[in-house]
Ligand code: ZN
Ligand code: ZN
C-alpha cells in the first residue's frame, strides 16, 4: 500500500492568454519538475463537480475528497466559522461591517467593507452585538468579529433554517436586500434576520465609534451585511470514509476549516501565507515530514488562484514556477508514495473568476503506469491516460493507485447505509 500526497494548486486550470502569446499559464511556465513527473506519470482532466459547473473552493475540495455535494454540502459559512474555531449548532451567516446610507426609506450600500475597518473600532462595535435576543427571546443572535471588516452571525433557537437569501447585494451602489425564505421552513429565520438587521443598524448608526470615524473622515461601520447562510452538518470523517490517516498542510483559513471539518489534523508551517508570496518549499518539506505519522497528506497552495482573480497571467506563471521549484523533492519519491497534483477548479485569468472548465490532474509514483504525455499542461492532460472524469471519482482513483482499492462489493469501512459512490467516466480512455 502506498502513502499519498495530494497537492491542490488552487484555481490551477486556465485558458490561453493573449499576453502569454495565447498559451495557458501552465504552458508558458518553466516547470521542469512537474514536467518530469508528467513525463513519467499519468495525466488526465477532471471536472471537480461536473462539466460546466464552476466550483467554489469549498465545494471543489469537498467533491474531490469524495463527498456528495447534493447530500452533504453544508454551505461555505460553516467552513469559514470552523477555520476560526467556531463550532455552533445554529444558522451561521458570513457577516461584514459595511457602510450604508438612507435613501427614500431604503438602505443603499456605500462600502461593503466599511473602509476596511479594523482594530479597536471593529472590536468596540462588535462587542455591542455579541449577544442579542430576537423574536421575544426565542432566538439568540451572536455576532463574532474575526479580521478587519469580517465576522459571523450565528442564530440559535428552535425551528431555524439556513434556506435564506443574502441580504448583501454583492455590489456597491445597490439597495440592501430583503432576506427571503427559500422554503416555508425558513420564515421564522427571515423574521429573526430582519429584526437583527434593524436592531444592529439602530445600535451602530449613532454609536460614538462611528461618530468619531465620520469626524475623522472615515466611513462609518453602520450596518452588518449578511450572506451565505449555512448550518453545520456532521460530515463523515475522511478517515472513516477512505481508510487513511489524514493530515493537511494549509495556510488559508477556509482550507484549514474544510480539513478540520473532515477530521484532518491541520498543520500551518512557517512562511506559509496562503498568498502568492507563500513559502511553498516549507509546505512540501512539512508534507514529507508528516509521512512518518500520516498516510494521506493534503497540501494546499493558494497563490495561483489569487493571481487569476487579479487577472494577471504573468503573476500566475511566476507562482507556478515557484511552486515547481518547491516540488523538486517529489520528483524522486519514496517507493511507496503516490503523488497527485490537481486543482479544486479552473480560474481563467481572462475571466478573473472560477469557471466550469476541467482541471489537469497528474498521478505519479515509482512503478505506476505512465502515458505518452511529456508536459504538465492542459493540452497534454486532455489526451492523458487517465482520461476525463469528475471529482467524485478522484478518491476512487487514489485508492486504486495507492493499492488500497478493494473489489467491488467489499465494504471495509463503516459508511452511511445510503452512501453510493458515484463513478462516472465521461470520456472513454484513449488508447
Ligand atoms: Zn479554489
Ligand atoms: Zn478563487
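Every number here is computed from the coordinates shown, using simple stated rules; none is lab data. Please read these numbers as outputs of a predicted model, since none were measured by experiment. Backbone-built Cβ (ideal geometry, glycine too); neighbour counts: all protein chains shown.
Quick look at the values:
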{"read-out": "Residue 275-residue 214 FRET efficiency (beta carbon distance; Förster radius 51 Å; 0.05 resolution)", "value": "0.95"}
{"read-out": "Spatial extent of the stretch 262-408: Rg and Dmax, with the Cα atoms as the point set, Å", "value": "15.9, 46"}
{"read-out": "Packing-based exposure ordering (other Cβ within 10 Å, fewest first) of 320, 69, 325", "value": "325, 69, 320"}
{"read-out": "Ratio Rg/Rh [Cα only; Rh per Kirkwood] for the stretch 111-163", "value": "1.06"}
{"read-out": "Two-site FRET efficiency, residue 265 against residue 379, from Cβ-Cβ distance with R₀ of 35 Å, rounded to 0.05", "value": "0.40"}
{"read-out": "Principal axis dimensions, the stretch 313-363 - Cα atoms, whole angstrom, descending", "value": "40, 22, 10"}
{"read-out": "Cα gyration tensor, the stretch 197-353 - rounded (a/c under 1.5), prolate or oblate", "value": "prolate"}
{"read-out": "The stretch 275-355: translational diffusion in µm²/s, Stokes-Einstein, Kirkwood Rh over Cα pairs, 37 °C, 0.692 mPa s", "value": "239 µm²/s"}
{"read-out": "Expected-Rg normalisation [2.2 N^0.38 Å, Cα atoms] applied to the stretch 252-307", "value": "1.11"}
{"read-out": "Considering only the chain, percent of DSSP beta bridges that pair antiparallel, nearest 5", "value": "65 percent"}
{"read-out": "Projected area averaged over orientations for the stretch 133-205, convex hull of C-alpha atoms, nm²", "value": "5.4 nm²"}
{"read-out": "Hull volume in cubic angstrom per residue (convex hull over the Cα atoms of the chain)", "value": "156 Å³"}
{"read-out": "Radius ratio Rg over Rh of the stretch 5-61, counting only Cα atoms, Kirkwood formula for Rh", "value": "0.99"}
{"read-out": "Mean residue ellipticity (222 nm) of the chain, computed from DSSP H runs ≥ 4 via -39,500 (n - 2.57), nearest 500", "value": "-8500 deg cm²/dmol"}
{"read-out": "Global geometry of the stretch 67-208, whether rounded, prolate or oblate, following the gyration tensor of its Cα atoms and the 1.5 cut on a/c", "value": "rounded"}
{"read-out": "Kirkwood-based shape ratio for the stretch 13-105, expressed as Rg/Rh from alpha carbons", "value": "1.14"}
{"read-out": "For the stretch 68-149, alpha-carbon Rg and Dmax in angstrom", "value": "15.3, 45"}
{"read-out": "Ranked 143, 363, criterion: other C-beta atoms within 10 Å, fewest first", "value": "143, 363"}
